[in-house]
Amino acid sequence: MNLNVEDRLHLFRKVCEAVHHGHQKGVIHRDLKPANIMVDAQGQVMITDFGLAKRESDNDNLTRTGAVLGTPAYMAPEQAGGMRGNVGPVSDVYSLGSVLYHMLTGRPPFQGESPVDIVLMVLEQDPVAPRMVNSAVDRDLFLRLTGDPSI
């Protein structure tokens, strides 16, 4: 599917609304990435693979080992660092930003030789600016995404 930027932003907005709905119901996905987002023939967005999801109200985590759960290139630093208690809706929002980065550049924000390398990048580096990866990325992207000229 070859979409222009406006169509990508429209789909991304639907993804954000779906994740927001989950957050309103107390569900934290913890593994948002392009492979877990599906779009049907009518343009409806579906978030899939809730295998790592948890209810926000749960004090108990799915694992007790401190293991890093999720896909390193899309996870928030607190998740990459194994700080399970700090992973919440804002972690999913960070992952949404990583998904948007991929939608605009054609690659994840961090790439490395191994998952460990990627985790270290997430913890220690900022991603390359999207315009450095894809010069066609509009400088006024945020305005186009929100439609709010005051932001």
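The values are calculated or read from the model by the stated rules, or taken from the named source; none is laboratory data. All figures in this text were calculated on a predicted structure; none of them were measured in a lab. We place every Cβ from the backbone using ideal geometry, glycine too, and count neighbours over all the protein chains shown. When the accessible area is computed, the model is the full protein with side chains, heavy atoms only, and any ligands, DNA or RNA have been set aside. Shrake-Rupley method; radii C 1.70, N 1.55, O 1.52, S 1.80 Å.
Results, tabulated for the structure shown:
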| read-out | value |
| --- | --- |
| Members of the range 90-123 that are of a type in the set (D, E, K, R) and under 18 Å from the mean Cα position of the chain (by Cα) | ASP92, ARG107 |
| Qualifying position, being over 18 Å from PRO115 (Cα atoms), modelled with pLDDT of 85 or more and part of a helix (DSSP H, G or I), among GLY22, GLY43 | GLY22 |
| Residues satisfying the stated conditions in the range 118-144, i.e. assigned to a helix (DSSP H, G or I), open to solvent by 60 Å² or more (accessible area, probe 1.4 Å) and either closer than 24 Å to GLY81 by Cβ or polar (S, T, N, Q) (or both) | LEU120, LEU123, GLU124 |
| Selection from the range 72-117 of residues that are of a type in the set (Ser, Thr, Tyr) and open to solvent by 30 Å² or more (accessible area, probe 1.4 Å) | TYR94, SER114 |
| Selection within the range 84-126 - at pLDDT below 90 and either out of contact with any helix residue (DSSP H, G or I) (no Cβ under 6 Å at 6 or more places or on another chain) or not aliphatic (A, V, I, L, M) (or both) | ARG84, GLY85, ASN86, GLY88 |
